[in-house]
1. The range 228-275 to the range 338-362: how many Å between their Cα centroids?
2. As a quick test, which of the pairs K356/K443; K335/K379; K202/K321; K61/K379; K61/K356; K379/K443 have an alpha carbon distance above 27 angstrom in this structure?
3. If you count, for each residue, the other Cβ atoms within 10 Å and average over each peptide, how do 417-425, 310-318 line up from highest to lowest?
4. Report the full-extension gain for the segment D285 to L408: residue separation times 0.36 nm, less the Cα-Cα distance, to one decimal in nm.
5. Select from Q366, A340, Y302 the residue farthest towards the positive end of the dipole of the range 298-366; place +1 on Cβ of Lys and Arg, -1 on Cβ of Asp and Glu, and compute about the Cα centre.
6. With N denoting the number of residues in the range 245-310, provide Rg(C-alpha) divided by 2.2 N^0.38 Å, to two decimal places.
7. Pull out the extension gain between D454 and L436, defined as 0.36 nm times the separation in residues minus the alpha carbon to alpha carbon distance; nm, one decimal.
8. Given the peptides 333-341, 276-284, arrange them by the average over their residues of other C-beta atoms within 10 Å, most packed first.
Amino acid sequence: MQAHSLSSVISKAARSFAAISVAAAVTVSASVNAFAQGSVSVVRDAEIEALVRDYARPIFKAAGLRPGVDIVLVNDRSFNAFVAGQRVFINTGALLQSETPNEIIGVIAHEAGHIAGGHQQRLREQLERAQTMAIVSTLLGAGAIVAGAATNSSGLAQAGGGIAIGGGEMIRRGLLGYQRSEEATADRSAITYLAATGQSAKGMLTTFERFQSALALSGAKIDPYQISHPAPRDRIANLEQLAKNSPYFDTKDPPALQLRHDMMRAKIAVFTDGQGAVSRLFRKDPRGLAAQYGDAMATYLYGNVRGALPKVEALLKQQPKNPYFHELRGDILMKSNQPAKAAEAYATAVQLDPVKSGILPVSYGQALLAIGTPDSLKKAITQIRTGLDRDRENATGYRYLAQAYGQLGDIGEAELATAEGHYYGGAYNDAQIFALRAQQKFKRGSPGWLRAQDIIDSRQGRKKKN
Ligand SMILES: [Zn+2]
């Protein structure tokens, strides 16, 4: 990921709500763009977020960390993963490169070991207060925060304030490079968490062994994770010994979890590497469900939209209750200008989603917005609000909400939705401007006026209570 293009996105994002919605929160129906544009750094996807959360939850519990995990998917090809507070930052490249759930779970367990060990504690506390986008830009390169601080014209400098103090580069060095003793401690803790959850440490071993052999090849691309968690031969040997001592060493991931993992990899492969990537990924099982899923998505993205519909219907015959198949069906119908049918598909996805992602109701609302009748616009507002109640940082949702209110002629609520979008995107100055504009439309003391006042009172960088 090029720090330069990212920093330009970030500084633009601080000025314009539209750019922020691209950079900070991309719902799945828009994820084509998210993956296609190299500059977009965070990907929002209900299916992948739910899966990684399922990977992290038992490990966090075993490590004694608080329940409730936020997943931030960083759109980057390299292998990297980082845990800050309750947020797991994970590169799409790491998910794509890992052949089993166990490999990713092992990495999460190792990161949890660093947290439980109190490693880089001061830095972690700073990161916990920082905005998601500021951390992502720090992980990807120091440029963005420096740019934000230099222009000082927006909320971004303040948003990154906690970590801008020492300068991005220093923080990056702090993130990159645990001490040898800390690595050994994190490994031992990880083994404990994996054993406590009845899982093998084989995946963690596989990941670190892969880095070691990659390092041995001269000229090979070195992943950030490899630099931050150096795996010399003696560490690998110790890890192997510990891993093999576990009664769960040969325990495999449950087949249903492996299938979800494969479907996630199919999605990432299609979006990041194009149409041919799925057949390369599933050479061993070209007719399996994950390969079919990838094929349906590739047809939707790169082929003809009409041809994708029978493919997703074939998938639905095999897993009629898979919410993400219904979501894909909705995406296909939206792209083929059938918003009423798309709305039905998204409604089913929302209904079937066991983890109640905030992303799916926003997609549903987007389809209702596209129908455009007064009745559907009101329904759109209800759905988008449901999505935003579940997930306050979905900037795309605020944009659709503002559009729906605008089309209904409710300018006060439209301005307020725009203010909230800026607020949660970290552009505090713009948030205040729109909150003031909203207040002019509301009666003093009314609920909308008070919500606008909350934003005005919040001041830059101070976290608003949800
Ligand atoms: Zn480590």
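1. 31 Å
2. K356/K443; K202/K321; K61/K379
3. 417-425, 310-318
4. 39.2 nm
5. With unit charges placed on the Cβ atoms, the residue in question is Y302.
6. 1.33
7. Full extension from D454 to L436 adds 5.4 nm.
8. 333-341, 276-284
Bear in mind these aren't lab numbers, they're just calculated from the coordinates by the rules spelled out. These numbers come from a predicted model, not from an experiment. Please note: Cβ atoms are built from the backbone with ideal geometry, for glycine as well, and neighbour counts cover all protein chains shown.
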